[in-house]
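Notes to accompany the following structure.
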Amino acid sequence: MNDRHAADSCCSDGHAGPALRLDEALAYILDTVMPVDGDETLALRAALGRVLAADVVSRIDVPAHTNSAMDGYALAGSALPAEGERCFEVVGTSAAGRPYDGVVGDAQCVRIMTGAAMPDGADTVVMQENVERNDATATLRAGERPGQHVRQAGEDIAAGAVALTAGSVLNPAELGMLASVGVGEVRVRRRPRVAFFSTGDELCGLGEIPGKGQIYDSNRYTLYGMLARLDVDLVDLGVVRDEPDAVARAFADAAARADAIVSSGGVSVGDADYVTDTLERSGTVNFWKVAMKPGRPLAFGRVGDALFFGLPGNPVSVMATFYQLVQPALDKLAGRPDAGPPLTLKAVTATALKKRPGRREFQRGVLTRAADGHYTVRHTGQQGSGILSSMSRGNCFIVLPEDCGPVPEGAEVAVQPFRGFV
Ligand code: AMP
Ligand code: MG
């Protein structure tokens, strides 16, 4: 983002200046966020989903020994018949974990199982289906290739090589790889600590009876759900009343305890003033009008040393802004490699979509895949930013770009599936 935009979007009166494009807002945020320092040592299973803090060098070859990729007979490739057939003496057996200790001579072979170590003198395996076995002999025909069906020691990971580099995310494959090189403990990056709270005088907690004009605080549960799935530790700071002192205290508390703060509500034009005042005293915060729907008002900056994301209050806006802007930022804060833009598919819309040019819209849709492999999508019904059930009924965002107008039925649209993304 250039300086003019940054200046325009950082306005002490709340929302002056042009709307900021979502991609500009994201680029600005990602530019600002730096990974947290620090690491810790964890047992392998506890490290699932974490970011490796240092390279892991393997002390061993994987596989540890050259072994058979098939059930069959191990022999010297040079002994294979060039034409016709040849009879070999079966001198022993090599099973997984129970190798054959002898040496295989020219007219000899060893019965071998998948994963069993290749005996000395043998470099080739003939699969059992191609062998005629009679007591102590095995007969096979020409057509086999010297060196076939053998896995070489170290072909997956060689001793002394880097098995996994610092910055790798430890997914199931990585846990298995670390176990395969005998590593039971790993150094991983410390998790960022994220404090979150809701703002609003109208909010009441679960277990309370809502008074006139009150609503249950649902955002804190949605936020909890979204945050709990990330590589972060959580601090729940509850509900903060719309009072300058309460807001100031909440921010001071959050900044002292966390690397990042996520709040909902209190950033729209009507109520931005006290939040603005408070934040101007304790940090540097931009109040943005992001050209996205749902989710237009957004605050982003720093309170003390903590990053601050002030999300809008409307329940669907909370989710859309979180997934589009906060999640990538928290991933970077945790030191995770940049995953790039969310996976997007093309689908034909089975319903007309209302849209006015100007903002990037994230309508909720139900994506289905027809037998011919093509995707179709329909909207979930009412698209208001308070209709949280649309996020539950839907399985994707229908992403309509800024300059797009109304979309007729049958047109192709881009969708971001929730699965694998949220
Ligand atoms: P605000 O951004 O504070 O003006 O809130 C916008 C809308 O979102 C209002 O209708 C609020 O009642 C609603 N809202 C704000 N916070 C929450 C919350 N924690 N849970 C559910 N709805 C909320
Ligand atoms: Mg409010």
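The values are calculated or read from the model by the stated rules, or taken from the named source; none is laboratory data. Source: prediction; values computed, not measured. Ideal geometry is used to build each Cβ from the backbone, glycine not excepted, and the neighbour counts take in all protein chains shown. Keep in mind that these areas ignore ligands, DNA and RNA; they rest on the heavy atoms of the full protein, side chains included. Shrake-Rupley method; radii C 1.70, N 1.55, O 1.52, S 1.80 Å.
Miscellaneous remarks
- Helix 219-228 vs. the chain, principal-axis angle (Cα, 0 to 90°, nearest 10): 30 degrees
- Surface accessible to a 1.4 Å probe, His379 within the full protein complex, Å²: 60 Å²
- The chain: angle of helix 22-32 to the longest principal axis, Cα-based, in degrees nearest 10: 80 degrees
- Amide H contacts for Arg364 (H built 1.01 Å from N in the peptide plane; partners 5 or more residues away or on another chain; cut-off under 5 Å): Thr380, Ile398.
- Here the stretch 363-422 is treated with +1 on each Lys and Arg Cβ and -1 on each Asp and Glu Cβ, and its dipole about the Cα centre works out to around 360 debye.
- Selection from Gln383, Ala195, Gly176 lying farthest towards where the dipole of the chain points positive, charges on Cβ: Gln383
- Of the solvent-accessible surface of the chain, computed with a 1.4 Å probe and all protein chains present, 50% belongs to carbon and sulfur.
- Angle in degrees between helix 272-282 and the longest Cα principal axis of the chain, rounded to the nearest 10: 70 degrees
- Within-15-Å neighbourhood charge of Met391 [Cβ basis; K, R +1; D, E -1]: +4
- Summed side-chain charge close to Ser317 - residues other than Ser317 whose Cβ falls under 10 Å, Lys, Arg +1, Asp, Glu -1: +2
- Three-way shape call for the stretch 376-418 based on the alpha-carbon gyration tensor, with the a/c threshold at 1.5: prolate
- Relative compactness, the chain, computed as alpha-carbon Rg over 2.2 N^0.38 Å: 1.40
- Number of Lys-Lys pairs in the chain with C-alpha atoms under 27 Å apart and a separation of 8 or more places or on different chains: 9.
- Choice from Leu400, Leu206, Leu52 with maximal GNM fluctuation in the chain (Cα, 10 Å cutoff): Leu206
- Classification of the stretch 282-342 by its C-alpha gyration tensor yields an oblate form. The axis ratio a/c (a ≥ b ≥ c) is 1.5 or more, and b/c is at least a/b.
- Springs join every pair of Cα atoms under 10 Å in this Gaussian network model of the chain, and among Arg369, Arg356, Arg336 the largest mean-square fluctuation is at Arg369.
- Cα gyration tensor category, rounded, prolate or oblate, for the stretch 231-328 with a/c compared to 1.5: oblate
- In the stretch 92-213, a dipole from Cβ-located charges (positive for Lys and Arg, negative for Asp and Glu) runs towards its positive end, and of Thr139, Met118, Ile157 it is Ile157 whose Cα lies farthest in that direction.
- Cβ-based charge dipole, the chain, positive-most Cα from Val247, Ala166, Pro328: Val247
- Size of charge dipole - the chain - debye, nearest 20, with Cβ of Lys, Arg +1 and Asp, Glu -1, no other charges: 1180 debye
- Taking other residues whose beta carbon is less than 10 angstrom from the beta carbon of Ala347, and scoring Lys, Arg as +1 and Asp, Glu as -1, yields +2.
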